[in-house]
Amino acid sequence: MSRPRSQAEYLARLVPPSVAGLNRRSLLAGASGAGALLGTGLLAGCGDSDSGSGGDAKNVSLGSNQSDPKPKDVVAKVMDGFKTSSGVTVDINTVDHNTFQENINNYLQGKPDDVFTWFAGYRMRFFAAKGLAGDLSDVWGKLDGYSDAFKKASTGDDGKQYFVPASYYPWAVFYRKSVWQQRGYEVPKTLDDLNTLGAQMKKDGLNPIAFADKDGWPAMGTFDILNLRINGYQFHIDLMAGKEAWTSDKVKKVFDTWAGLLPLHQPDSLGRTWQEAAQSLQQKKSGMYLLGLFVGQQFSGADLEDLDFFTFPEVDSTIGAKALDAPIDGYMMARKPKSKDAAQKLLTYLGSKEAADITVKNDPSTLVANSGADTGAYTALQKKAAELVGSATEIAQFLDRDTRPDFASTVMIPALQQFIKDPKDISGLLTSVENQKKSIFTS
Amino acid sequence: MSDLPLIQADRAVPPPAATTTNGGRGRRLRLLSRTDRVVVTLMVLVPLLLVTGLVWLPAVATVLLSGTNWDGIGPISEIEWVGAKNYDDVVNIYPPFVPAVQNNLLWLAALFVVATPIGMFLAVLLDKELRGSRFYQTALYLPVVLSLALIGFIWQLIYSRDQGLLNGVFGGETDWYGDPNVNIWAVLVAAGWRHVGYIMLLYLAGLKGVDPSLREAAAVDGSSETSTFFRVVFPVMRPINIIVLVVTVIESLRAFDLVWVINKGRNGLELISALVTQNVVGEASRIGFGSALATIMLAVSLVFITIYLWTVMREDKR
């Protein structure tokens with residue numbers, strides 16, 4: 001489940017599978033399960049036959065999920081750059097972002113492209129552990145300009161690297177400078193400051209914190225940041241990996257704190273999309289909004305220049321406020337690329353300063369992962385975001401990328417929505433989450 | 001294929017008893033020409049293969065998969081059998097299941113008690129040949145023709161809390177899609193809107209087929225409009241009534257698209273079909289668990305299908 005990057009993509013996503021060409025009856029009969037069963041079995045069987053490793057291949061294929069015009073264009077430009085520098089042609093197969101993600105299991109078990117776009121996080125490590133992705137330790141030997149945090153985020157459970165980061169965006173609390181100057185608000189440093197500020201905003205007739213969770217994922221950002229602030233990075237990651245109990249007092253404290261903040265959030269969030277919440281910030285009806293950098297898509301011109309952010313304030317002084325969610329997008333290699341050599345060459349290039357430079361020049365809405373890139377063309381907001389992530393001690397990938405996708409979508413989304421609906425019964429909710437977690441993680 | 005063999009076949013067809021006598025391999029069976037036999041074989045085989053391949057195999061596979069914990073990764077040989085665990089989980093620790101069943105029942109009740117009668121009523125009105133009935137007919141049927149994505153979008157424009165038409169006009173603050181106590185009713189209005197048009201058209205077609213002399217006879221006997229409808233027309237339309245009933249039940253069981261368009265069947269809009277999709281399709285790939293949900297749905301559908309077939313077959317025997 002990814003964040004829609006534009007209104008158009010959001011609308012496209014409203015098309016249900018039944019309309020988008022999937023036969024509804026077969027869907028309901030669970031036939032898709034059976035189809036997947038037959039399909040993957042056969043494909044997995046014949047996937048082994050093409051394990052050639054041509055020495056000097058003249059082309060390499062790339063499976064891309066960058067289906068929006070802008071990012072698609074950037075990918076094409078980067079691949080042109082690769083062709084110029086190496087003489088190897090890249091065949092780009094672009095698939096709709098959402099479709100790509102939903103079909104990833106079948107895709108990887110069939111005949112995937114030599115190199116494909118993916119995200120850092122649990123799912124990346126999972127594919128690596130299942131042997132569905134190629135080892136990139138050699139490539140990493142040739143890369144420079146990456147902080148340890150990025151290397152850590154690219155490493156599988158076996159200590160080898162399986163991922164080359166390309167771009168990322170941080171989650172932070174966004175606000176409009178003009179509104180804050182006019183009212184004399186100051187960036188809160190602690191949870192108490194935030195509460196005081198929220199109360200003041202309420203008095204001034206603003207929604208203190210814009211909030212939307214109709215699509216289920218935005219509330220995950222709130223949970224993540226609270227858990228990171230209250231219990232720290234390691235606990236958060238262990239909790240996501242199913243190693244910690246959801247019924248523990250530590251998790252209860254996260255939800256208790258959140259329940260305390262809920263009155264400051266925009267009410268009736270379950271019927272609102274993030275775009276609508278972002279617009280309430282843009283229209284100066286809300287004071288601040290915790291979201292990813294992509295919130296800027298709802299702003300333009302002078303409004304965009306008026307946008308600023310701060311990292312979520314400290315809750316526990318022993319934990320600090322240095323960790324944050326900053327999902328990383330990048331590239332992985334198929335387990336058996338047609339030409340391993342060419343694929344690795346491409347990945348080395350994708351991780352290079354040159355590739356990052358092309359991205360910076362052509363796309364103002366992301367941050368590039370390579371610190372060696374020439375970031376002179378960044379906007380003020382981009383520069384500040386890069387600094388924020390650069391100073392982070394640990395980087396989490398967002399709940400749905402840090403844990404099993406089935407747990408995130410079928411357990412956490414309903415659970416968080418239930419919490420927002422009825423914040424009183426926290427222990428009942430957490431018991432239910434823990435029961436489902438045990439069943440999913442032990443299967 | 002030319003018409004010629006068919007014409008020959010017509011001439012050649014013996015009295016029905018000829019083919020049913022034993023020793024059918026004999027001379028008389030050859031009265032069916034070679035082409036006939038090929039056609040008959042194909043006409044039996046093709047639908048049989050389609051039904052087996054597209055309905056029965058997936059259905060059986062679903063039931064089998066519901067006993068496993070397959071996640072869509074790895075060969076079939078690695079699938080692990082977990083018995084009834086998925087069913088146990090569905091019933092005991094899966095919070096959306098109970099609301100989903102309730103919502104499916106509510107859906108059935110709402111369509112049956114409200115939408116279907118309104119559709120029938122509108123059909124009766126339109127059958128009176130009012131001025132501009134073509135226009136009303138088109139207007140009422142339009143929702144059935146529109147794609148669901150568009151319907152979802154239209155209602156989003158109406159129901160959106162901050163920017164929607166409804167709250168804009170009446171100045172309310174009702175969170176039509178977000179409040180779990182309200183959204184199911186909001187969706188039912190949208191579903192009913194579509195269902196009414198569908199039923200109206202079906203019923204109108206049936207009404208047009210009613211012999212006018214029946215009504216005239218009733219009128220001559222001094223029957224009022226209402227009692228003519230209930231005592232004469234309605235009973236005569238029994239076959240259509242059964243179809244309308246079946247359509248209503250099917251529509252409420254397979255209800256899926258609207259809630260999926262709105263919020264993927266979460267937060268008050270749970271339906272069994274949406275839960276199946278959430279679990280099976282997409283990255284989640286809880287195929288075993290999702291199959292268990294699908295099997296439950298299949299079992300529920302079978303109850304209605306059995307009742308329907310039983311009624312129809314009993315009808316045929318008469």
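The values are calculated or read from the model by the stated rules, or taken from the named source; none is laboratory data. This structure is a prediction, so every number in the text was calculated from the model and none was measured. Positions of Cβ are backbone-derived with ideal geometry, glycine not excepted, and every protein chain shown enters the neighbour counts. Accessible surface is based on the protein model in full, side chains and every heavy atom, while ligands, DNA and RNA are left aside. Shrake-Rupley method; radii C 1.70, N 1.55, O 1.52, S 1.80 Å.
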Loop sites in the stretch B:104-145: trypsin sites (Lys or Arg not before Pro), DSSP, at most 12 other Cβ within 10 Å: B:Lys128, B:Arg131
For chain B, shape from the Cα gyration tensor axes a ≥ b ≥ c, cut at a/c of 1.5 then a/b versus b/c, turns out oblate
With unit charges on the beta carbons (Lys and Arg positive, Asp and Glu negative) and the dipole taken about the Cα centre of the protein assembly as shown, which residue among A:Ile440, B:Tyr87, A:Ser137 sits farthest to the positive side? B:Tyr87
Once ligands and nucleic acids are excluded and a 1.4 Å probe is used, how much of A:Lys152 is accessible, expressed in Å² to the nearest 10? 140 Å²
Peptide A:102-111 - average C-beta neighbours from other chains (10 Å radius): 3
Chain B - charge dipole about Cα centre, Lys and Arg +1 at Cβ, Asp and Glu -1, debye rounded to 20: 1480 debye
Tell me the relative contact order for chain B as a rounded percent, counting alpha carbon contacts under 8 Å between residues six or more apart. 25 percent
Scoring only Lys, Arg, Asp and Glu (+1, +1, -1, -1) among other residues with Cβ under 12 Å from the Cβ of B:Tyr141 yields +2
Please state the relative contact order of the stretch B:96-285 as a whole percent: Cα pairs under 8 Å, 6+ residues apart? 35 percent
For the stretch A:361-367, in order, what is each residue's ³J(HN,Hα) by Karplus, 6.51 cos²θ - 1.76 cosθ + 1.60 with θ = phi - 60°, in whole Hz (x at glycine and Pro)? 5, 9, 9, x, 9, 10, 10
Quick one: which residues, 5+ away or cross-chain, put their amide H under 5 Å from the amide H of A:Ser61? H built at 1.01 Å from N. A:Asp91, A:Asp114, A:Val115
Summed side-chain charge close to B:Ser223 - residues other than B:Ser223 whose Cβ falls under 15 Å, Lys, Arg +1, Asp, Glu -1: -1
Spatially proximal aspartates and glutamates relative to A:Lys189 (Cα-Cα < 14 Å; intrachain offsets below 8 disregarded): A:Glu314, A:Asp316
Might you report the magnitude of the Cβ-based charge dipole of the protein assembly as shown about its Cα centre, with Lys and Arg at +1 and Asp and Glu at -1, to the nearest 20 debye? 2080 debye
Which of B:Ala255, B:Ala190, B:Ala149 fluctuates most in a GNM of chain B (C-alpha springs under 10 Å)? That residue is B:Ala149
Tell me the chymotrypsin sites (Phe, Trp or Tyr not before Pro) within the stretch B:158-214 that lie in a loop according to DSSP and have at most 16 other beta-carbon atoms within 10 Å. none
Determine ³J(HN,Hα), in whole Hz, for all residues of the stretch B:132-138 in sequence, where each value follows from phi through the Karplus function 6.51 cos²θ - 1.76 cosθ + 1.60 and θ = phi - 60°; x replaces Gly and Pro. x, 5, 4, 5, 4, 4, 5
Report the charge-dipole magnitude of the stretch A:117-270 in Debye, nearest 20, computed about the Cα centre from +1 at each Lys and Arg Cβ and -1 at each Asp and Glu Cβ. 200 debye
Nearest 10, in degrees from 0 to 90: the angle of helix A:31-46 to the longest Cα principal axis of chain A is 40 degrees
Run the numbers on chain A and let me know its relative contact order in percent, using alpha-carbon pairs under 8 Å that are six or more apart. 25 percent
On Cα atoms only, tilt of A:191-203 relative to the major axis of chain A in degrees: 60 degrees
Between A:Ala396 and residues 5 or more places away or on another chain, the pairs with built amide H atoms under 5 Å apart involve A:Leu324, A:Asp325, A:Ala326
Looking at B:Ala100, B:Leu146, B:Leu125, which one has the Cα that reaches farthest to the positive end of the dipole of the stretch B:96-285 (charges on Cβ: Lys, Arg +1; Asp, Glu -1)? B:Leu125
Averaged across B:62-73, how many Cβ atoms of other chains sit within 10 Å of each residue's Cβ atom? 5
Using the Cα centre of the stretch B:96-285 as origin and beta-carbon charges of +1 (Lys, Arg) and -1 (Asp, Glu), tell me which of B:Leu245, B:Val220, B:Tyr203 is placed farthest towards the positive end of the dipole. B:Val220
The helix A:340-350 Cα axis meets the longest alpha-carbon principal axis of chain A at an angle in degrees, between 0 and 90 and rounded to 10, of 30 degrees
Count charges around B:Leu214 for me, please; just the other residues with Cβ under 15 Å from its Cβ, Lys/Arg as +1, Asp/Glu as -1. -1
GluC sites (Glu not before Pro) within the stretch B:170-253: which are DSSP loop residues with at most 13 other Cβ atoms inside 10 Å? B:Glu173
